[in-house]
Amino acid sequence: RATATMGEAPELSPQAPLAVLSKVELRVSCKHLLDRDTLNKSDPCVLLLMQSQGQWMEVDRSEVIKSNLNPVFAKIFTVDYYFEEVQKLRFEVYDSHGHAGVGTHDDDFLGGMECTVGQIVAQKRVTKPLFLKYGKFAGKSTITVISEEISGNNGYVELAFRAKKLDDKDLFSKSDPFLEIYRIDDDRSEQLVYRTEVVKNNLSPIWEPFKVSLNSLCSCEEKRKLRCVVWDYDSRGKHDFIGEFFTTFEEMQKAMGENKVQWDCMNPKYKIKKRNYKNSGVVVLLDLKIHRVYSFLDYIMGGCQIHFTVAIDFTASNGDPRNSCSLHYINPYQPNEYLKALVAVGEICQDYDSDKKFSALGFGARIPPKYEVSHDFAINFNPDNDECEGIQGVVESYQSCLPKIQLYGPTNVAPIISKVARVAADEERTKEASQYFILLILTDGVVTDMADTREAIVRASYLPMSIIIVGVGNADFTDMQILDGDDGILRSPKGEPVLRDIVQFVPFREFKNASPTALAKCVLAEVPKQVVEYYSYKAFPPRCPQPETPDSNLSSPQ
């Protein structure tokens, strides 16, 4: 399965309705926890475990909240959600003991709860009793888990707060302030979004900048009300209220650039009691940066076209095309491996290209009229326009060019990578997410110009393009795996690393008996991620969606 980044389709195949992967944020709170400590209350921490092949594996853990039997944890757990799988979760609450960390001894165990990701997603909010070992209730203890899906065209925001002249709540020293931000939901309930660190002994603290998703801050609604509370930290868990203020994300955005936004931090009790009460200090938003996170579908629906080029290996090692043992043999009843791979991948790419014209190139053959070796010739023999009409046009050009050329060598692919890269470089200069290039190289052997090829791939990794290499036939393709950066980072001969992993290599023989969609799914699985990575790196947003409704295949790629 292809794991996708935020909210994008894990694959392009319109024929394969596999569940689209989502990421889900989980927030946890507890009530009426058991008190394990003799002098103070328990210091709870939550562990999240997930079942994998029958074993419980720890995924993550929350912060420790001091001396509190009704904790609301600031930690956000993020899990991948697969519609087609039962994903079992287990939440375990422990009483933590300072530096020793979270002990998993029975006497520190405050209770556990099991459920599935599906249950939490379906109900949005699940409250269940906590159980001790052997199915005993942990008193009246309950745990609540709230889920939110991270949506596709979500972004995140970076905020930097400080405060000035806060009320002093401590007798012998200054207050130890921290700030909490709550989102007020439609049902008037409050959801903790973020809790800052504590700044000790300071009435004008500067808190560390932090990032939160727009989804969790305001459910992506700029006018949603937010409640911000400043507390004086107390190690026994009895934090003193300093003051609060209400705002919205819309109002916060005035803090972009050189501007700052500030609020009076108010204590409603003092406002009633004290006649000339002004505030309990001021909270200032020093800076706000918005980072948009776009998905593959955002780019496609914004009008980004996928331009598809196929490059076919016509070296002599393929065998004489007139011989039935040749990899290029044209059998009227059965397409050869070159055609199978071309059609499987091309049929999916053509849904994303409005003009349905594909560049088709050949390499490693002597070509008419002078029969000189070429490593980047148009298989329709039109040097001014190497495009064919649709996948069928590519197939016809391939079949008609075979009798006219002489298979030769060596297997040099750098010239074709560089040729597509030149077109992609022209596209990059537009500074728009309008065209992304996919080069499909079909070859029967290991490339001869490995150093030049590595150099060309490193250059191409800075451009809007991806390369798919399908190894045809039964050669030993071990050396080709180097080009696919999955096992490590591909470097140029001078040692320069690729900016992005843009090469996917697969031997066709692994898919010989599978359906054509399986090959396409495998080689195209990485493309959405590669498209998003490139445009994110360049900070190019999607173009504006066109008003007309997109092609039905486009509006819902699975």
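The values are calculated or read from the model by the stated rules, or taken from the named source; none is laboratory data. Because the structure is predicted, anything quoted here is derived from the model rather than measured. Cβ: placed from backbone, ideal geometry, glycine included. Neighbour counts: every protein chain shown. Side chains included, ligands, DNA and RNA excluded: accessible areas come from the protein's heavy atoms. Shrake-Rupley method; radii C 1.70, N 1.55, O 1.52, S 1.80 Å.
General remarks:
- Distance between the pseudo-spin-label points of PHE172 and ASN323 (7 Å out from Cα toward the beta carbon): 9.5 nm.
- Helix 527-538 axis versus longest C-alpha principal axis of the chain: approximately 70°, rounded to the nearest ten.
- Heavy-atom accessible area per residue - the chain, 1.4 Å, Å²: 48
- Relative contact order, percent, the chain [alpha-carbon distance under 8 Å, six or more residues apart]: 13
- Qualifying trypsin sites (Lys or Arg not before Pro) for region 375-431 [loop in DSSP, other Cβ within 10 Å: at most 13]: ARG429, LYS431
- Taking every DSSP helix (H) stretch of at least 4 residues in the chain, weighting each as -39,500 (n - 2.57) and dividing the sum by the residue count yields a mean residue ellipticity at 222 nm of -5000 deg cm²/dmol.
- Violating pairs (Cα-Cα greater than 31 angstrom) within the set LYS124/LYS223; LYS238/LYS274; LYS223/LYS271; LYS88/LYS200: LYS88/LYS200
- Nearest 10 degrees, 0 to 90: helix 390-401 Cα axis against the chain principal axis: 30
- Inter-probe distance in nm under a simple model that places probes 7 Å from Cα toward Cβ, at ASP185 and ASN513: 5.1
- Surrounding net charge for GLU496, when Lys and Arg each add one and Asp and Glu each subtract one, Cβ distance under 15 Å: +2
- Those lysines that a straight Cα-Cα span of less than 18 Å connects to LYS370, excepting residues fewer than 8 apart in one chain: LYS404
- Accessible surface of the chain [probe 1.4 Å, protein heavy atoms]: carbon and sulfur percent: 50
- Efficiency of FRET from Cβ geometry, ARG543 and LYS31, R₀ 51 Å, rounded to 0.05: 0.55
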